[in-house]
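S.K.: Here it is, the structure in full.
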Amino acid sequence: MERSIESRRIISTLIGSTILYVAALAVSLPCYALAAEQYAIFTLNNSIEEMSVLKARKLYRGKTKSINGQRFELADWPANSTERKEFYRYLLGKNTAQMNAHWAALSFSGKARPPKEISDSQVNSLIRWMEKKPNRIGYAPIDAIPTNANVLFVVSEEK
């Protein structure tokens with residue numbers, strides 16, 4: 001009986017220690033799914049100029065049809081991505097569901113086409129899509145954009 005109680009104590013102590021170790025490890029490791037502090041709206045076309053917050057908001061609300069007289073295509077991250085959720089919250093103060101409804105209404109009325117959703121949450125997928133045409137615009141965490149990117153606007157949580 002005493003042996004059984006002692007075994008339970010040892011097992012309990014081991015389990016407790018393991019849980020603490022795993023929790024400490026999880027907190028100390030870098031987590032790439034965490035939020036970015038800033039997102040850059042960018043293009044690979046150097047002829048497009050930087051924009052104001054008002055123009056950036058119009059761009060991602062579907063209120064702008066051309067920039068410098070040129071039509072453009074917008075990119076968007078997958079619907080369930082952290083990048084998409086945070087970008088719209090930072091720039092427009094809207095959640096993903098609100099933006100999906102907004103774009104659906106614009107699309108249905110024929111006023112605008114929604115941004116092209118990239119295939120996965122990888123910056124390389126976005127870049128490959130953007131490289132195919134010079135008039136494409138996307139957004140990404142600022143530390144993930146390529147060195148040849150033309151940054152049009154930087155949005156952060158406080159804006």
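The values are calculated or read from the model by the stated rules, or taken from the named source; none is laboratory data. Just so it is clear, the structure is predicted and the values come from calculations on it, not from any experiment. Using ideal geometry, Cβ is built from the backbone for each residue, glycine included, and neighbour counts are taken over all protein chains shown. Surface areas here come from the heavy atoms of the whole protein model, side chains and all, with no ligands, DNA or RNA. Shrake-Rupley method; radii C 1.70, N 1.55, O 1.52, S 1.80 Å.
S.K.: Going from most exposed to least, what order do D76, D120, D143 have by accessible area with a 1.4 Å probe?
M.R.: Final ranking, largest accessible area leading: D143, D120, D76.
S.K.: Distance in nm between label sites at S125 and E49, each 7 Å beyond Cα in the beta-carbon direction?
M.R.: Between S125 and E49, the simple spin-label model gives 3.5 nm.
S.K.: Taking a probe of 1.4 angstrom, what is the accessible area of V154 in Å², to the nearest 10?
M.R.: About 40 Å², rounded to the nearest 10.
S.K.: Here's a follow-up. Could you compute the FRET efficiency for A97 and N68, with r as their C-beta to C-beta distance and R0 at 30 Å, rounded to 0.05?
M.R.: Taking R0 as 30 Å, the efficiency between A97 and N68 is 0.35.
S.K.: If you plug each phi of region 97-114 into the Karplus form 6.51 cos²θ - 1.76 cosθ + 1.60 with θ = phi - 60°, what whole-Hz ³J(HN,Hα) values come out, in order, with x for Gly and Pro?
M.R.: 4, 5, 6, 4, 5, 4, 5, 4, 5, 5, 5, 4, 7, x, 7, 7, 9, x
S.K.: Moving on. Would you check the accessible area of S121, probe 1.4 Å, heavy atoms only, in square angstrom rounded to 10?
M.R.: Approximately 50 Å² for this residue.
S.K.: If the cut-off is 22 Å between C-alpha atoms, which lysines fall inside it for K116, apart from same-chain ones fewer than 8 positions away?
M.R.: Excluding near neighbours in sequence, the set is K55, K58, K63, K65, K85, K94, K132, K133.
S.K.: Which of the GluC sites (Glu not before Pro) across region 45-89 are loop residues per DSSP, with 10 or fewer other Cβ within 10 Å?
M.R.: Here the sparse-neighbourhood loop sites are E49.
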